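First the structure, in the form of structure tokens, and then the observations on it.
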Amino acid sequence: MGPIDIELLKKIVGPENVRDNIADRYVYGADASVHEATPHVIVRPTNTEQVQEVMRYANREKIPVVPRGAGSGMCGQVTPIMGGIVLDMKGMNRILEINVKDGYCRVEPGVVDDDLNRALKPYGVFYPPTPASSLIATIGGEIANNASGTRSVKYGAARDALLALKVVLANGECLSLGATTRVAASGYPLERLIVGSEGTLAVIVEATLRFVPIPKYRCLGISNFNRLSDAGDAISDIMASGCQPSMLELVDKVAITAVNKAEKLGLPDVEAILLFEADGMAKESIDPEIEKIKSICEKHGGFGVEYSYDEKERARIFAGRSKLFPSLSKFDDRLASTSLADDMAVPFSKMAEAAGKIHEIAAKYGIVMTAYGHCGAGCIHTKILMDTDKNFQWEAAEKAVAEIYDYVCSVGGTTSAEHGIGLSKAPAFKKEKEAALELMRGIKRVFDPNNILNPGKLMDAPDRWLVATPLRYQIVE
Ligand SMILES: Cc1cc2nc3c(=O)[nH]c(=O)nc-3n(C[C@H](O)[C@H](O)[C@H](O)COP(=O)(O)OP(=O)(O)OC[C@H]3O[C@@H](n4cnc5c(N)ncnc54)[C@H](O)[C@@H]3O)c2cc1C
């Protein structure tokens, strides 16, 4: 890669949409992970033609390009480890069409999830993947990560809501993939290949998404457990019972303690809390589901069960979960919450064992970990709470993470449920998918022969973490 022609980029997208000062380059070098690297320049296109021109130039000059949404990814997906251009897609944030008759909407990739749902609400429909970061996460980032959320147990992930895509390839060509119809059996579903590709195959410039009716009623419940394993057993029983909860969330003791410390919510001092929700158009169909879930919880030692349809009450019941993420660094003043083994998926029947195993492995390496997440979808999130000043804690964390993912894969789970791979999970991902890595590299070569799109990620990511610079974490030997 030679020097980047900033003047040319300014001509393509306008001078106001090109930034190469050190402060912006620093900010755009990080996401919600522990990783960072500095890009040479940030370019914010506002239409497809501009994306095409930028890609043609970058491909000719072999300049790395990292597409970026809100930068809320937790694994370093947008960390520009080879420098180059960060393509800030938030400049393309128009909702192009809401077609209620045909049941789809068309959006640009920089549309924020919550903004889309606000626009859909008057039509009585919603776009369901909705991660907990929906306040900032963009549709492009959600598709490229195959994001999901609290309601994925019933409504699925970004993959399930996707009908069609318009993408710009590395050589600047623009292609339409998929179809707006509900069914399509017309050859390779290439739009699906872009899902979870983390910006390595193409730049999404438009997405056609399906939506679903907003349920008239939602009932949210909570159950406390004195043993984490009992909560895990309740989860697998609920999922095998024929119930279809619209939410099933686990919160463990570490998270409960952190939330109580940070938010003074007075959550009970128990080993685990399970939150469950059922939704629908009639209370008559929801009530029996809630009763069934309640009795399964109680069968497994759940107590203090309460539930409500009332919006304010639901917000109160959910408060502990909604404050969880920012509270984790308050668990202990000396420990910072880091996204390392940040998510994974396991079969329902292994939920109890997996949650316990995470704590067991953490204790073995002298670190603190929490286990929570969208358990009804088999998804467990963890965070490592550690003294980030100390090198030995990073080393312990690295060993613990490797052991956790070995365990997860040994029981039929997978390295990521919804947060993606990026850099932090790449070592485990490469181990899990070893037999398919060459095939993935072949696909990448077809899409991007010059390897300019988000290079050095997924199957080509480093075998060890590239830990952040001292600006974010002061590591003392
Ligand atoms: C507090 C918090 C809570 C979270 N909760 C959840 C959750 O419940 N569920 C969940 O799934 N995730 C969650 N996340 C992770 C993250 O928010 C999601 O994965 C989200 O989908 C990322 O969207 P983004 O716009 O920030 O994408 P970015 O982080 O900017 O990018 C993510 C990936 O998408 C690629 N990309 C972005 N735009 C494009 C494009 N136009 N074309 C091609 N590739 C593109 C990037 O190159 C990168 O590889 C959470 C994060 C935080 C900080």
Checklist entry - Is there any pair with a first residue in the range 290-306 that is without any contact (Cβ under 8 Å) to a residue 60 or more places away in the chain and a second that is surrounded by 14 or more Cβ atoms within 10 Å (Cβ to Cβ) whose Cβ atoms are under 7 Å apart and which are 6 or more apart or on different chains, and what are they? => result 292/241; 292/243
Item to check | Wholly within the range 93-158, helices (runs of 4 or more DSSP H) carrying at least 1 residues that are under 22 Å from the mean Cα position of the chain (by Cα), free of Cβ contacts under 8 Å to residues at least 24 places away in the same chain and surrounded by fewer than 20 Cβ atoms within 10 Å (Cβ to Cβ) | outcome: 113-120
Checklist outcome for this item: A careful count of residues in the range 251-283 that are under 21 Å from residue 335 (Cβ atoms) and either of a type in the set (Asp, Glu) or outside any helix (DSSP H, G or I) (or both) gives 9
Checklist entry - Here are some residues: 155, 188, 127. Which one is away from the ligand (no atom under 12 Å from the Cβ) and touching a Leu at 6+ places or on another chain (Cβ under 8 Å)? => result 127
Item to check | Options 104, 57; residue that is farther than 27 Å from residue 275 by Cβ, of a type in the set (Phe, Trp, Tyr) and out of contact with any Lys or Arg (no Cβ under 6 Å at 6 or more places or on another chain) | outcome: 57
Item to check | Search result, residues across the range 68-83 that are buried (at least 24 other Cβ atoms within 10 Å of the Cβ), farther than 21 Å from residue 384 by Cα and more than 6 Å from the ligand (Cβ to nearest atom) | outcome: 80
Next on the checklist: One residue is enough: does the range 309-319 have a residue meeting the conditions part of a helix (DSSP H, G or I), surrounded by fewer than 22 Cβ atoms within 10 Å (Cβ to Cβ), assigned by TED's automatic domain parsing to the domain that holds residue 428 and aromatic (Phe, Trp, Tyr)?
Outcome noted: no
Checklist outcome for this item: Counted residues in the range 343-372 being in contact (Cβ under 8 Å) with a residue 12 or more places away in the chain and under 21 Å from residue 332 (Cβ atoms) come to 14
Checklist entry - Among the residues of the range 50-67, which ones are more than 9 Å from the ligand (Cβ to nearest atom) and either closer than 13 Å to residue 200 by Cβ or in contact with a Ser or Thr (Cβ under 8 Å, 6 or more places away or on another chain) (or both)? => result 64, 65
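The values are calculated or read from the model by the stated rules, or taken from the named source; none is laboratory data. Worth saying up front: this structure is predicted, and the values here are computed from it rather than measured. In this analysis, Cβ positions are derived from the backbone assuming ideal geometry, glycine residues included, and neighbour counts consider all displayed protein chains.
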